[in-house]
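These notes are about the structure you will find just below.
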Amino acid sequence: MKKKIETVKTLLDALPFIRKFYGKTIVIKYGGAAQVDEKLKESFAVDILMLYMVGIKPVIVHGGGKRITEILTALNVKTEFKDGVRVTTKESIKIAEMVLSGEINKEIVNMLNQHGAKAIGINGKDMSFMKAKSLMGYTGEITSIDGVFLNKLLSENLIPVIAPIASGDTPTHPGYNINADTAASEIAAAINAKRVIFLTDTLGVLDKNKNLISSLNANEIDKLKQEGVIAGGMIPKVDAALNAVKRGVEKAHIIDGRIEHSILLELLTSEGIGTEIKEK
Ligand SMILES: Nc1ncnc2c1ncn2[C@@H]1O[C@H](COP(=O)(O)OP(=O)(O)O)[C@@H](O)[C@H]1O
Ligand SMILES: CC(=O)N[C@@H](CCC(=O)OP(=O)(O)O)C(=O)O
């Protein structure tokens with residue numbers, strides 16, 4: 001009996017948070033360790049299901065950079081990054097789409113649906129909901145997102161699982177590869193999400209002594225980038241988080257996907273993990 005009361009108390013502890021987010025949209029960038037470790041994949045699926053079952057509307061935008069690099073390397077195709085963003089060639093866009101929209105997207109969709117959710121996998125070419133122009137070869141810069149379409153999916157109680165490939169502007173264009181952090185941020189802004197959460201493979205943003213920085217603003221980000229403390233894949237992530245809050249998303253967090261149930265810890269408890277990115 002005592003144990004049962006404890007369970008009920010635990011549930012009640014989450015109530016104020018559930019109330020705060022009920023009916024609200026949360027964009028989750030699914031990347032890093034949580035995307036490759038089997039146990040963490042399961043924990044991710046359960047977290048998303050929990051949000052969905054209590055009436056919160058998750059939207060998943062996933063990465064898969066490591067897997068793309070693995071396949072390109074196996075095929076002897078060289079690949080290059082500039083400031084954490086892949087320079088995509090005519091050859092690599094096809095592989096990127098195959099990996100992101102095929103293998104990874106369907107794995108996530110299947111995992112969620114097997115747990116009892118109603119998830120639907122899409123990329124920007126579906127309904128042409130996300131369009132882009134060239135930034136560097138076939139790496140794209142998003143030009144438009146159809147938020148009405150995404151909201152329609154949400155109103156049907158579906159969980160959109162989005163691969164970061166955008167449609168080009170001609171019938172034969174192979175499309176554009178978009179950095180998944182950037183895509184998550186633009187999508188969160190387009191649908192006026194309440195939160196955007198970036199799951200990654202570090203505690204959050206670390207300082208030069210490798211200590212976690214719990215909160216960062218635009219000026220501090222600039223400084224850390226100039227000093228080279230924020231580098232590589234963390235550059236598009238902090239830029240994306242900052243862009244989201246500038247465009248009206250209430251809060252943006254970069255959190256550690258290596259922690260089991262990190263999403264629930266962040267949203268449904270007073271713990272607050274990782275780094276919050278603020279405008280000022
Ligand atoms: N200041 C920093 N704090 C934390 N990680 C950083 C920092 N600067 C660079 N990084 C690197 O950024 C990586 C996260 O970016 P990335 O590999 O693209 O992750 P993801 O797959 O989650 O998008 C970290 O694993 C780390 O190597
Ligand atoms: C243009 C660009 O950088 N596209 C990324 C898309 C996948 C991604 O962003 O994956 P992570 O989130 O796992 O890094 C890439 O090709 O790696």
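The values are calculated or read from the model by the stated rules, or taken from the named source; none is laboratory data. Given the structure is predicted, the values throughout are model-derived calculations rather than measurements. Positions of Cβ are generated from backbone atoms using ideal geometry, with glycine treated the same way; all protein chains shown enter the neighbour counts. Note: areas computed on protein heavy atoms with side chains; ligands, DNA, RNA excluded. Shrake-Rupley method; radii C 1.70, N 1.55, O 1.52, S 1.80 Å.
Brief remarks follow.
- Scanning the range 237-247 turns up at least one residue that is open to solvent by 20 Å² or more (accessible area, probe 1.4 Å), assigned to a loop (DSSP other than H, G, I, E, B) and more than 10 Å from ligand 1 (Cβ to nearest atom).
- Failed item in (1) free of Cβ contacts under 8 Å to residues at least 40 places away in the same chain; (2) away from ligand 1 (no atom under 16 Å from the Cβ); (3) touching a strand residue (DSSP E or B) at 6+ places or on another chain (Cβ under 7 Å), with Glu80 passing the rest: (2)
- Screening Gln226 on (1) more than 10 Å from ligand 1 (Cβ to nearest atom); (2) of a type outside the set (A, V, I, L, M); (3) open to solvent by 40 Å² or more (accessible area, probe 1.4 Å); (4) touching a residue at least 24 places away in the same chain (Cβ under 8 Å) shows it passes everything except condition (4).
- Within the range 190-201, at least one residue is open to solvent by 50 Å² or more (accessible area, probe 1.4 Å) and more than 16 Å from ligand 1 (Cβ to nearest atom).
- With respect to being within 16 Å of ligand 1 (Cβ to nearest atom), under 18 Å from Lys29 (Cβ atoms) and without any contact (Cβ under 8 Å) to a residue 60 or more places away in the chain, Ile145 falls outside the description.
- Residue list for the range 209-221, restricted to those being open to solvent by 40 Å² or more (accessible area, probe 1.4 Å) and closer than 21 Å to Gly32 by Cα: Lys210, Asn211, Leu212, Ser214, Ser215
- Residues of the range 194-233 that are out of contact with any strand residue (DSSP E or B) (no Cβ under 8 Å at 6 or more places or on another chain) and part of a helix (DSSP H, G or I): Ala218, Asn219, Glu220, Asp222, Lys223, Lys225, Gln226.
- Residue ranges of helices (runs of 4 or more DSSP H) in the range 22-102 with at least 1 members near ligand 2 (Cβ under 8 Å from one of its atoms) and open to solvent by 30 Å² or more (accessible area, probe 1.4 Å): 65-74
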